[in-house]
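Where a number appears in this text, it was derived from the coordinates with a stated rule and is not lab data. Just so we're clear, the structure is a prediction, and the values are computed from it rather than from any experiment. Cβ placement follows ideal geometry from the backbone for every residue including glycine, while neighbour counts extend to all protein chains displayed.
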Amino acid sequence: MEVKKVALITGGSRGIGFGIAKALAKEGYNLAINGVRDESGAAEALDELRQLGAEVLYCQGNIANAEDREAIVEKVYSVFGQINVLVNNAGIAPRVRLDILETTVDNYQEVLTTNLEGPFFLTQAIAKRMAHTKQNNYAFEAAIIFVTSISATVVSINRGEYCISKAGLAMTNLLFAVRLAEYNIPVYEIRPGIVSTDMTSKVQEKYDNLFQNGIALQPRWGTPEDVGKAVASLTRGDFPYSTGQVIGVDGGMQIGRL
């Protein structure tokens, strides 16, 4: 019997991460879902994923914490024995949106530790194992995906920490694409635009108005399902000669116009 491939998705029980998880469940993956909530708080989402045919493992933990990262990795490998796809999706906005002339060290450090340091070292740990497996079994299929944001290049001066973290994550994608090329392990960046999630619900009216005024070529909110479809395509191997590339899921928002 063929062993199903395994995807680890950080922040996979809500928002964009949940959209990705549903897409990969439909692609036939077993899923390791990381989140900071107790498993009971994510139970409804996990059940929905199981109904799509996936075996689902919940790995509670904060990727900003080194011990939690190690525990997440060990749990997935102890249960499934492998990780074929790592989706670095988990991220936070600043607790308080402050102008860059007013923001605090605490604000900055919390966002950077969660959004940049955490994914970097989680990827490091899993990439080592992927590379080792690939050396011993060239048929082993693996890929790494970073979910960033248009904020990697689009400036928001009242949440500079977030922009810096996503810009750093964009470089992390390039770094690991170069490092893992010798093992034929592709690395990609998905760069969503304005997506309807818990994080953006607090500024819905602002973005509704921006869409009406033409901020994006496609005049609607993005959805977690939009991002999930892009991730599914990458994991299917539809872009086999494109390691390190950025896939925009933003409705044409970043196309320069006069």
Straight-distance crosslink candidates among lysines, where the alpha carbon sits under 28 Å from LYS206 and sequence neighbours closer than 8 are dropped
LYS166, LYS229
For segment 10-70 and segment 179-227, write down the distance between their C-alpha centroids in whole Å.
20 Å
Amide H to amide H, which residues 5 or more places from ALA142 or on other chains are under 5 Å from it, using H placed in the peptide plane?
none
Got a sec to turn the phi values of segment 193-198 into Karplus ³J(HN,Hα) couplings, 6.51 cos²θ - 1.76 cosθ + 1.60 with θ = phi - 60°, whole Hz, x for Gly and Pro?
x, 8, 10, 6, 9, 4
Counting pairs of alpha carbon atoms under 8 Å apart in space and at least six apart in sequence, what relative contact order in percent does segment 6-249 give?
21 percent
What are the principal axis extents of the Cα atoms in the chain, in Å, biggest first?
54, 37, 37
Ranked from fewest to most other Cβ atoms within 10 Å of their own Cβ, ILE100, ILE247, ILE16 fall in the order ILE100, ILE247, ILE16
Net +/- balance of residues flanking GLU182 in space, Cβ distance below 15 Å, scoring K and R +1, D and E -1:
+3
List the residues whose amide H sits under 5 Å from the amide H of ILE190, counting only those 5 or more places along or on another chain, with H placed 1.01 Å from N in the peptide plane.
PHE146, VAL147, THR148, ILE247
For segment 1-110, what does the relative contact order come out to in percent, with C-alpha contacts under 8 Å and a separation of six or more?
29 percent
Set of lysines with alpha-carbon distance to LYS134 below 20 Å, sequence-local pairs under 8 removed:
LYS4, LYS5
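What 222 nm value per residue comes from the helices of the chain, counting each DSSP H run with n ≥ 4 as -39,500 (n - 2.57) and dividing by all residues, nearest 500 deg cm²/dmol?
So the helix-based figure for the chain works out to -13000 deg cm²/dmol.
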